[in-house]
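Data block below; observations after.
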Amino acid sequence: MQKILPINYIEKINKDYFIIYIKNKELALKSKPGQFFELLPMGNYKGLLRKPISIYNIENDTIGFMIKKIGYGTKYLSQLKVGDFIDFLGPLGNSFNIPMNQKVMLISGGIGYAPLFYLSKELKNKHNSVIWIHGGRSEKDIFDSNIMNYTNDGSYGKKGFVTSNLEKILEVEKIEKVFTCGPQIMMKEISKITQKKEINTEVSLESYMACGIGVCKGCSVLIKKNNENVYKTVCKDGPIFNSKEVVWDE
Amino acid sequence: MQKILPINYIEKINKDYFIIYIKNKELALKSKPGQFFELLPMGNYKGLLRKPISIYNIENDTIGFMIKKIGYGTKYLSQLKVGDFIDFLGPLGNSFNIPMNQKVMLISGGIGYAPLFYLSKELKNKHNSVIWIHGGRSEKDIFDSNIMNYTNDGSYGKKGFVTSNLEKILEVEKIEKVFTCGPQIMMKEISKITQKKEINTEVSLESYMACGIGVCKGCSVLIKKNNENVYKTVCKDGPIFNSKEVVWDE
Amino acid sequence: MNNIETKLGKLQFQNPITVASGTFGYEYSDYVDFNKLGAIVTKTITKHPKIGNKPPRLFETSGGLLNSIGLQNPGLENFIKDELPKYRGFSTNLIISFSGSSISEFKEILLRLEDEEGIDGYEINVSCPNVENEGLAFGVDAKIVNKLTGELSKLTTRELTIKLSPNVTDIKEIAKAAEDGGADSLSLINTLLGMAIDWKTGKIYFKRGLAGYSGPVIKPVALNLVYQVAKTVNIPIMAMGGISNWMDALEFIYAGASVVAIGTQNFVNPKITIETINNLQNFLEEKKLTIKNLIGKANMEEK
Amino acid sequence: MNNIETKLGKLQFQNPITVASGTFGYEYSDYVDFNKLGAIVTKTITKHPKIGNKPPRLFETSGGLLNSIGLQNPGLENFIKDELPKYRGFSTNLIISFSGSSISEFKEILLRLEDEEGIDGYEINVSCPNVENEGLAFGVDAKIVNKLTGELSKLTTRELTIKLSPNVTDIKEIAKAAEDGGADSLSLINTLLGMAIDWKTGKIYFKRGLAGYSGPVIKPVALNLVYQVAKTVNIPIMAMGGISNWMDALEFIYAGASVVAIGTQNFVNPKITIETINNLQNFLEEKKLTIKNLIGKANMEEK
Ligand SMILES: Cc1cc2nc3c(=O)[nH]c(=O)nc-3n(C[C@H](O)[C@H](O)[C@H](O)COP(=O)(O)OP(=O)(O)OC[C@H]3O[C@@H](n4cnc5c(N)ncnc54)[C@H](O)[C@@H]3O)c2cc1C
Ligand SMILES: Cc1cc2nc3c(=O)[nH]c(=O)nc-3n(C[C@H](O)[C@H](O)[C@H](O)COP(=O)(O)OP(=O)(O)OC[C@H]3O[C@@H](n4cnc5c(N)ncnc54)[C@H](O)[C@@H]3O)c2cc1C
Ligand SMILES: Cc1cc2nc3c(=O)[nH]c(=O)nc-3n(C[C@H](O)[C@H](O)[C@H](O)COP(=O)(O)O)c2cc1C
Ligand SMILES: Cc1cc2nc3c(=O)[nH]c(=O)nc-3n(C[C@H](O)[C@H](O)[C@H](O)COP(=O)(O)O)c2cc1C
Ligand code: FES
Ligand code: FES
C-alpha cells in the first residue's frame, strides 16, 4: 500500500532517537512484527530514495516508527512536526514467526530495539515468556529500564556486550527461540552461539534499499538454500531470516 | 560581503508577494538604490544557485527584500519564518544615478516595483519631485494606492499599460529623468518613447545569474559602447544601464 | 484517447509511457494496472542465470542513484518458464530486454524467444562488457553494433530496439550503425558511469569500483543525447534517463522521443507511471495537443 | 603546515585546493586571500577576444548547472595587458588556461605567454571544437592530443597540464596519449554535455542547444574518471567536477588526485576554497594524516 499521511504525534526520546506516530486503521491492521515501511517525507526533502523503517509499535490504529538520527534522511525526519506529511509504502517484507507458549529471548543492539518492541507485545499475546537483552554504546542507547541492559562504556546497566553472558543465560533460562536485531557483527556472534546450542534463531537483516518490494535486486544478501548460496532480497524475502540461512562472511 | 543573518520580520502582502526584513548596520550602510543581494536560504534548500533579489527598502539598520513567488527558490523563501537564516551576498552591482532637484518619473511593472521603492525615497531626499506609474496584471500586483496604477484587466486603477498615456504625461509633467524596472518588453517600449523625447532613462535589467560578482559571464547582455555591441554583465556592470546603451532586440 | 497514442516502430502504443529495463517488475502490479501502460519492458535477461554482484549494490548520491546490480536474473529458460507467463496476460505491449556476451549468444537468445508467444518486441542491451570487443561494452563500437543489429534484424519480425550507452564519444555514430543494421527503433540512455568513495576511510563503496548512475541528475545529459540522436536517425526513439514526472516526459518527447520510459523514479513512487499517463493526458486535452504532433518539435525560435 | 602540502608535476603546492578554470576571477579577492590557495587557474583565453554566446547562458537543473558561456574572454593580448599583472602579484602558483583552434595556434599562444613572467604553468583546454578534427573537440581524439602535447611540451619548462573532456568512450586512452606526449600532469573533468527544453513550449533553452553540465551532480562521474585515469598514468592529476566541500576533496584525493579544484561551488559560496583548506587541514591534523599519503589510496579491502 502507498499512503500519504500526517504525523499524529512525535515522541523525542533523546538527542539521537525519536518516535513518529501515525494513525491509519488499514495499515495498522496489515502490519506484522518484523515488517517495515519505506518512508518519503513530503516537501523540501532533498533525498531521492525512500527510507526503510521498521514497525516499532502498533496500538489500535496507531503505528509507531522509532528512528535514530544517522544522516540526512533520518535527520530530516527528526525535524518534521505534527501534521507534516510522509508518504508511506508498506507494510513491506516478511515477518517474525511467532511461537506459542515458549520461552523466548529478544536480543537487540542500538536501534535494533525498534522492531523487537512490537514483536515482544505479540509474543506475550501468544503466551510466550519473554526475556529481553539490549545493548548500546552508552546510556543514550538504552530505552527500557525493565529489560537487561548492557552498555559498552558501562554508563548504564552492565558494562559489556549483549553476548557477554549469553551462553549461560540461554542455558539457565532454557530459551527455546531467539529473535535478534542489531549490528551485523552482533547478530553474527549471537547466531554462532545459538547455532551451537541448536536454538532456533530469527534475525532481522538490513541492506541498502531502493524499491523495497523485490524488483531492483539492490538489497540482495547471500542466503544458503539447499547447500547453495543464492542472493535473496532483504526487502521481500526478508528482512527476517533464520540465522542458519544467513551467509555471514561474504 | 557575505553574511548569514536571521530573518527579522516578514510582511505578507498577498498570495504572491511578501517582504523579508533583516537587520544589519554594515550592509544597510553600504546598500544603494538599484543594488541587489544574492540570497541562499540555509537548511534543506534543494536549489544550487543563489537568488538575486533587489533591495526594496532600507530604514536605519533594516533591509527589506520584496519578493514574488515564481518557482522553487522564491516559494522556498516564502515559507521561511522569522529567525530562519539566509546567507546574503552583497550589496552587488551598480546603482541608480540620483539627480537633485529634478522632475523624475518612476515606471514599474509587477515586481519591478521593488527596487524603485528605495530609489523613490532617496530621490525625495535629494529634493526631486517624483511621479510614479506602476502597472500589473491585476489588483494583486498593486502595492500603493497613492501612485498611478494600471492593471491589464482593469481590476484596479486604470485599465491598460503603463505606456498607455506615457508620452502625454512625460510632456505635461515636464519629466527630466525616468527610472524603470519591469518586464523586458515594457522597458523596451518605455525606452523607445523616452529616447524620442530625449529624456535620460535608467533601466534595471534582469538576467540569469550564477556568481553575481562578474566572474562567470553567465549574466551577460548586449550593450552598445562606442557604436560597438559588447557583452556586459548585469551583476557587475549593471543591473542599472542607461536605456540608450541597451540592445533590446538581440 | 486518441491524443495520447503513439508508435514505436512496428508497435502501436496506447500512450507513450513505459518503464526502463531493470527498474520494474511484476511486484508493481500491486500498485499499477499494467494494462494501462504503453508497454512493459522487462529486466535484462541473459542466457544463463546470473547471481549478480557482491553487495553493496546501491548508493544514493545527491539527486542520483548508483547501482551495481550486475544483471542479476534467472536466465533465459527460467524467465520463460516462471516470468513470461505472468507478463503475457496483459493487453499492453511486452518488450523483452536481453543481453549476450557474443553475437551468436544474442542470436541464440532471440531465436529461443521467437518460439514464445505474447512477446511484442526485444530491447537489445549492448551495454555489457564482452569478449568480442576486448571487454569493452558492445555498445561503444559502431561496427559491432551494426553487425549485431544486422544479424538480429534478419531473425525476427518483432520490434527490434537497440539500447544505447551514453558513455561514448559520439552516440550519433552508434545510433546510425544500429539504424543501418536494421533496428526498428533505439532506446536511450542506459546509465552513466559513476563511483563512490568514503571520504573517512578511502574505501571504494562498490566491489567493482564503478557503478551505473541514474536518476533526475542524468536528465540533462539524456535530453541532449536523445535530441542529437533524433536529429541523426529516422527510426523512432524510446527515451529514458531521469524522467520523474509528466513534464520531464514532455521534454523528451519534444526532444524527439516517440515513447518515454520511467526508471529510477519507480522506486520512489510506485504509481509514477500511471500518474504520468493521467497528467499527460489532462495536459494534452486541456491544450488540445496530441503526442504525435509534439514528437521532435523542440524549437529554437527566438522570442 | 607540512601535512597539507602536495605537488602537481613540477609545482609545489602549499595545499591541494585550487579553482576550476572559468569559475574564478579577480573579483573573488574581496572574499578570498588568493595567497592562501594552492594555485590560481585563470579562465581559458584564446588568441583573439571572444564575445561569447548569445544569452541565455545559464540554467539551473536539480543539483546541477548548465552553462553556455562560449569562452567569453578578452583574448591573449588584452589578458596579458590587463589581467596578468593583477594575478602576478600573488605568491601562489599561477596556471594560465588557454585554448586554440589548431595545434599551431596553441603553440603560438604558449610561446607568447613564455615571454611573460610570473606564470607557473599552463592548463591546455582541449574541449573546444576544432578544424583539424572535423569540428569535434581536440580532446576526444587520442592521436591529436598526443601530437598537441608533444609539440607544446617541447616549448616550455613550465608545468604543462592537459585538461580532459569526460565526453569520450575511453578517457584512459586520451590520458595515456597526453602522458606519452609529455604532459606533466592532467586535469579532469571538464563539463559533461547537457540540454534543457521547456516542457510548456518545447523551446530549447540555449541557442546552441547543448551546454556544459557541472555541479554536485557530476561528482560520481568525475570520481570514476579520475580513479580510472589515476590507475592508468604515472603523472599527477588535478581533479574537478562537483567538488563542494572538503569531504568531496578528500574523495578525489583518495581516487588519485594530487590537487583538487573547486568550480561551480565558488558561485554558491565565494569563500568555499578557504573553508575547504581550513577544514581539510583540521581534519588532517586531528587524524595525523598527510595529503601526500592519501593520494590514490582508495581501497577495496573487505570489511
Ligand atoms: C529493513 C530495515 C529496517 C530499518 N528499520 C529502522 C528503524 O526502525 N529505525 C531506524 O532508525 N532505522 C532503521 N533502518 C535503518 C535506516 O533505514 C537508515 O538508518 C536510514 O536509511 C539512514 O538514512 P540517512 O539518510 O539518515 O543516512 P545516510 O547518510 O543516507 O546513510 C547512512 C547509512 O544508512 C544506511 N542507508 C542509507 N540509505 C539507505 C536506504 N535507502 N536503504 C537502507 N539503508 C540505507 C546505509 O547503511 C548508510 O551507510 C532500517 C533499515 C532497513 C533496511
Ligand atoms: C538583479 C536582479 C534583481 C532581482 N530582484 C528581484 C526582487 O527584488 N524581487 C523578486 O521577487 N525577484 C527579483 N529578481 C528575480 C528573481 O531572482 C527570480 O524571480 C528568482 O531567481 C526566481 O527563482 P525561482 O527559483 O523562484 O524560480 P525558477 O523556477 O528557478 O525560475 C523562474 C525564472 O526566474 C529566473 N531565475 C531563476 N534563477 C535565476 C537566477 N539564478 N538568476 C536570475 N534569474 C533567475 C529565470 O527567469 C527563470 O526562468 C531579480 C533578478 C535579478 C537578476
Ligand atoms: C537498479 C537498476 C537496474 C537496472 N537494470 C537494467 C537492466 O537490467 N537492463 C538495462 O538495459 N538497463 C538497466 N538499468 C538502466 C535503466 O533501464 C535506465 O536506462 C537508466 O536507469 C536511466 O533511467 P532512469 O534515470 O530513469 O533510471 C537499470 C537501472 C537501475 C537503476
Ligand atoms: C560557468 C562556467 C565556465 C567555465 N569555463 C571554463 C573555461 O573557460 N575553461 C575550462 O577549461 N573549463 C571551464 N569550465 C569548466 C570547469 O572548469 C570545470 O571543469 C567544470 O565546471 C567541472 O567542475 P565543477 O562541477 O566543480 O564546476 C567552466 C564551468 C562553468 C560552470
Ligand atoms: S530494495 Fe529493491 S529488491 Fe529489495
Ligand atoms: S552572474 Fe556571473 S558574471 Fe554575472
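The values are calculated or read from the model by the stated rules, or taken from the named source; none is laboratory data. Just so you know, these numbers come straight off a predicted model, no measurement behind them. Methodologically, a virtual Cβ is constructed for each residue, glycine included, from the backbone with ideal geometry; neighbour enumeration extends over all protein chains shown.
Of the residues that sit in region C:134-164 and are surrounded by fewer than 20 Cβ atoms within 10 Å (Cβ to Cβ) and among the acidic types (Asp, Glu), which one is farthest from the other protein chains (Cβ to nearest Cβ)? Step by step, filter region C:134-164, then rank; the result is C:151. Annotation for region C:281-293: no member residue is at negative phi, touching a helix residue (DSSP H, G or I) at 6+ places or on another chain (Cβ under 6 Å), within 13 Å of chain D (Cβ to nearest Cβ) and without any contact (Cβ under 8 Å) to a residue 40 or more places away in the chain. Under the condition of being surrounded by fewer than 20 Cβ atoms within 10 Å (Cβ to Cβ) and in contact (Cβ under 8 Å) with a residue 40 or more places away in the chain, which residue from region D:267-280 is farthest from ligand 3 (Cβ to nearest atom)? Only one residue tops the list, namely D:274.
Quick one: how many residues across region A:81-93 are away from chain B (no Cβ under 14 Å) and surrounded by fewer than 18 Cβ atoms within 10 Å (Cβ to Cβ)?
Number satisfying all stated conditions: 3.
Scan region C:237-249 for residues that are of a type outside the set (S, T, N, Q) and within 16 Å of ligand 2 (Cβ to nearest atom) and jot them down. Passing the criteria: C:247, C:248.
Consider region D:53-71 and keep the residues that are among the hydrophobic types (A, V, I, L, M, F, W, C) and assigned to a loop (DSSP other than H, G, I, E, B). The one that is farthest from the other protein chains (Cβ to nearest Cβ) is D:71.
Flag: residue A:51 matches the condition of being of a type outside the set (Ser, Thr, Tyr), under 19 Å from residue A:113 (Cα atoms) and not assigned by TED's automatic domain parsing to the domain that holds residue A:136.
As a summary of the residue check, residue C:270 satisfies the conditions (1) closer than 21 Å to residue A:51 by Cα; (2) modelled with pLDDT under 95 except for the one numbered (2). If you go through region C:168-192 and keep only what is in a loop (DSSP other than H, G, I, E, B) and either more than 9 Å from chain D (Cβ to nearest Cβ) or over 14 Å from residue C:226 (Cα atoms) (or both), you end up with C:169, C:182, C:183, C:184, C:189, C:190, C:191. Remark: residue D:83 matches the filter, which requires a residue to be under 30 Å from residue D:5 (Cα atoms), of a type in the set (Asp, Glu), assigned to a helix (DSSP H, G or I) and free of Cβ contacts under 8 Å to residues at least 60 places away in the same chain.
Return a yes/no flag: does region D:234-256 have any residue that is touching a Cys at 6+ places or on another chain (Cβ under 6 Å) and within 11 Å of ligand 4 (Cβ to nearest atom). Within region D:234-256, none of the residues are touching a Cys at 6+ places or on another chain (Cβ under 6 Å) and within 11 Å of ligand 4 (Cβ to nearest atom).
Within region B:87-136, being aromatic (Phe, Trp, Tyr) and either within 16 Å of ligand 3 (Cβ to nearest atom) or in contact with a helix residue (DSSP H, G or I) (Cβ under 9 Å, 6 or more places away or on another chain) (or both) holds for B:88, B:96, B:113, B:132.
Hey, among B:2, B:102, which residue is under 25 Å from residue D:270 (Cβ atoms), among the polar types (S, T, N, Q) and in contact (Cβ under 8 Å) with a residue 60 or more places away in the chain?
That would be B:2, the only listed residue that is under 25 Å from residue D:270 (Cβ atoms), among the polar types (S, T, N, Q) and in contact (Cβ under 8 Å) with a residue 60 or more places away in the chain.
Conditions tested, residue by residue: (1) in contact (Cβ under 8 Å) with a residue 12 or more places away in the chain; (2) assigned to a loop (DSSP other than H, G, I, E, B); (3) within 8 Å of ligand 2 (Cβ to nearest atom).
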| site | (1), (2), (3) |
| --- | --- |
| B:46 | yes, yes, no |
| B:67 | yes, no, yes |
| B:76 | yes, no, yes |
| B:107 | yes, no, no |
| B:111 | yes, no, yes |
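Consider residue A:25 carefully, then state whether it is crowded, with 16+ Cβ neighbours inside 10 Å and in contact (Cβ under 8 Å) with a residue 12 or more places away in the chain. The answer is no for residue A:25. A residue that is without any contact (Cβ under 8 Å) to a residue 24 or more places away in the chain, out of contact with any Phe, Trp or Tyr (no Cβ under 6 Å at 6 or more places or on another chain) and assigned to a loop (DSSP other than H, G, I, E, B) cannot be found anywhere in region C:233-256.
Give the residue that is surrounded by the fewest Cβ atoms within 10 Å (Cβ to Cβ), with candidates limited to residues of region D:193-206 that are in contact (Cβ under 8 Å) with a residue 24 or more places away in the chain and facing chain C (nearest Cβ under 7 Å). Per the criteria, the residue is D:193. Of the residues in region B:199-217, at least one is more than 16 Å from ligand 2 (Cβ to nearest atom) and touching a residue at least 40 places away in the same chain (Cβ under 8 Å). Going residue by residue through region B:167-183, is there one that turns out to be within 16 Å of ligand 2 (Cβ to nearest atom) and surrounded by fewer than 21 Cβ atoms within 10 Å (Cβ to Cβ)? Looking through region B:167-183, at least one residue is within 16 Å of ligand 2 (Cβ to nearest atom) and surrounded by fewer than 21 Cβ atoms within 10 Å (Cβ to Cβ).
So, in region B:50-80, of the ones that are more than 16 Å from ligand 6 (Cβ to nearest atom) and among the charged types (D, E, K, R), which residue ends up surrounded by the most Cβ atoms within 10 Å (Cβ to Cβ)?
Across region B:50-80, the extreme among qualifying residues is B:68.
Right, residue B:31: among the polar types (S, T, N, Q), touching a residue at least 24 places away in the same chain (Cβ under 8 Å) and closer than 29 Å to residue A:46 by Cα or not? When the stated conditions are applied, residue B:31 does not pass them. Within region D:99-107, the presence of a residue that is touching a residue at least 60 places away in the same chain (Cβ under 8 Å), out of contact with any Asp or Glu (no Cβ under 6 Å at 6 or more places or on another chain) and either buried (at least 18 other Cβ atoms within 10 Å of the Cβ) or of a type in the set (Gly, Ala, Ser) (or both) is excluded.
Scan region C:258-274 for residues that are within 11 Å of another protein chain (Cβ to nearest Cβ) and either charged (D, E, K, R) or farther than 27 Å from residue A:39 by Cα (or both) and jot them down. Answer for region C:258-274, where residues must be within 11 Å of another protein chain (Cβ to nearest Cβ) and either charged (D, E, K, R) or farther than 27 Å from residue A:39 by Cα (or both): just C:271.
Within region C:9-52, the set of residues being in contact with a helix residue (DSSP H, G or I) (Cβ under 9 Å, 6 or more places away or on another chain), facing chain A (nearest Cβ under 10 Å) and surrounded by fewer than 21 Cβ atoms within 10 Å (Cβ to Cβ) comprises C:26, C:31, C:49.
Within region D:200-223, restricting attention to residues that are of a type outside the set (Val, Ile, Thr) and within 16 Å of ligand 3 (Cβ to nearest atom), the residue that is nearest to the chain's Cα centre (by Cα) is D:213.
Among the residues of region C:207-230, those that are surrounded by 24 or more Cβ atoms within 10 Å (Cβ to Cβ), within 10 Å of chain D (Cβ to nearest Cβ) and over 18 Å from residue C:57 (Cα atoms) comprise C:216, C:217, C:218, C:219, C:220, C:221, C:222, C:223, C:224, C:225, C:226, C:227.
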